[in-house]
1. Can you check what the net charge comes to around residue 138, using other residues whose Cβ is under 11 Å from the Cβ of residue 138 (Lys, Arg +1; Asp, Glu -1)?
2. With contacts defined as alpha carbon pairs under 8 Å and 6 or more residues apart, what's the relative contact order of the range 1-137 in percent?
3. Order 37, 29, 124 by their accessible area, 1.4 angstrom probe, all chains in place, largest first.
4. Over all directions, average the projected area of the Cα convex hull of the range 1-127 and note it in nm².
5. Between residue 25 and residue 84, what FRET efficiency comes out of the Förster formula 1/(1 + (r/R0)^6) with R0 = 45 Å and r the beta carbon distance, rounded to 0.05?
6. Could you give the dipole magnitude of the range 5-129 about its Cα centre, charging the beta-carbon of Lys and Arg +1 and that of Asp and Glu -1, in debye to the nearest 20?
Amino acid sequence: MTSRLASLLVQDGLVGAKKMAEAFQRQVIYGGTLDTILLEMDVIDEGTLLDALGRSSALPIAGDLPSVEQLQAAEVHKWMPPAMSERFRAVPVALDGSLLRVLVIDPPDRKQLDELGYTLSLTIEPIIVPEHRFVQAVELVYGVAVPARFASLAAKLRARATDPNRAKLTPSQPSLPAVPAREQRLVPEPNAPSPVGERVKEGTPTEPQRVAPVHVGPRRES
């Protein structure tokens, strides 16, 4: 069993080959995505892993999720029914005109995302996040409780992040806001790469595009 993420992490020396083999074994037993297994094993910090997810998938990345207040104000749940979110493994977080930004997990199913865009008559922009962030987003948007496994992992990650005895390998990632339709856009960082579809071929590792934070402004009267 191999994956682009696993190959990149081993080739870059971020995870040893033996640890990666162990991670695959644990994945067969416990299920979940490879990023979940690696975080549970505590062999890589979340920031470094998120960066690798972006490079291996050639998709934009985001760290912290929008607040529940932002999501409620934007009425995110109306953009995609819960059953559709579950079917396509995508959670909507921002709508800008006909462009819908959704969170996805690794490995992303690009054919399904194309089908989702066709079904909604929208252009889909996927943003990759670790699996535990994805299930948190499902809870925020649709009210589905986070499974115990991911709640436990999130608690461990918070404890690791505040542990003074652990060195921080990478800075924290920018948060991802929810933006109502025709409101403010998610603005990429200065000198950020152009949109994924224009800058890389599908599946080509590259430097990940980080989604820059932006404030959600008040809804304007039409």
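1. -1
2. 23
3. 29, 124, 37
4. About 8.4 nm², averaged over all directions.
5. FRET efficiency, residue 84 to residue 25: 0.85.
6. The dipole magnitude comes to about 380 debye.
The values are calculated or read from the model by the stated rules, or taken from the named source; none is laboratory data. Just so you know, these numbers come straight off a predicted model, no measurement behind them. Using ideal geometry, Cβ is built from the backbone for each residue, glycine included, and neighbour counts are taken over all protein chains shown. SASA here: full protein model, heavy atoms, side chains in, ligands and nucleic acids out. Shrake-Rupley method; radii C 1.70, N 1.55, O 1.52, S 1.80 Å.
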